[in-house]
Amino acid sequence: MKKRTKITPSLKKLTIDRNNQWVIKLSSELKEKNLFVVFGAAHLFMMDRYGVLDQLKKEGFTITPIDMLEYAANSQTVNN
């Protein structure tokens with residue numbers, strides 16, 4: 001059984017409200033182009049329905065994780 005996190009006013013403001021705003025902005029931009037977006041872990045998976053990933057999935061978007069070790073191994077280094 002999952003432990004429920006108590007939603008305090010500060011938690012709501014710092015995470016849930018910010019996540020909701022990001023989803024609104026990202027949804028409109030993702031309809032026009034692909035994006036690479038980085039968030040802190042709490043914003044990605046936070047309490048199921050409040051996380052950015054779950055909200056974007058509910059909006060119909062596909063989430064594709066990137067294996068950063070594989071990406072780094074296949075990337076070329078650019079020296080300036």
By how many nm would the segment from residue 36 to residue 61 lengthen if fully extended, with 0.36 nm per residue of separation less the alpha-carbon distance? 7.7 nm
If we sort 26-38, 50-62 on the protection proxy, mean other Cβ atoms within 10 Å, highest first, what's the order? 50-62, 26-38
Excluding residues fewer than 8 positions from residue 33 in its own chain, the aspartates and glutamates with Cα under 20 Å of it are 54, 59
Output ordering of 10-16, 64-70 (per-residue mean of other Cβ within 10 Å, highest first) is 10-16, 64-70
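Bear in mind that the values in this text are calculations on the coordinates, not laboratory data. Bear in mind that the values here come from a model prediction, so they are computed numbers and not experimental data. Cβ atoms come from the backbone with ideal geometry, glycine included; neighbour counts cover every protein chain shown.
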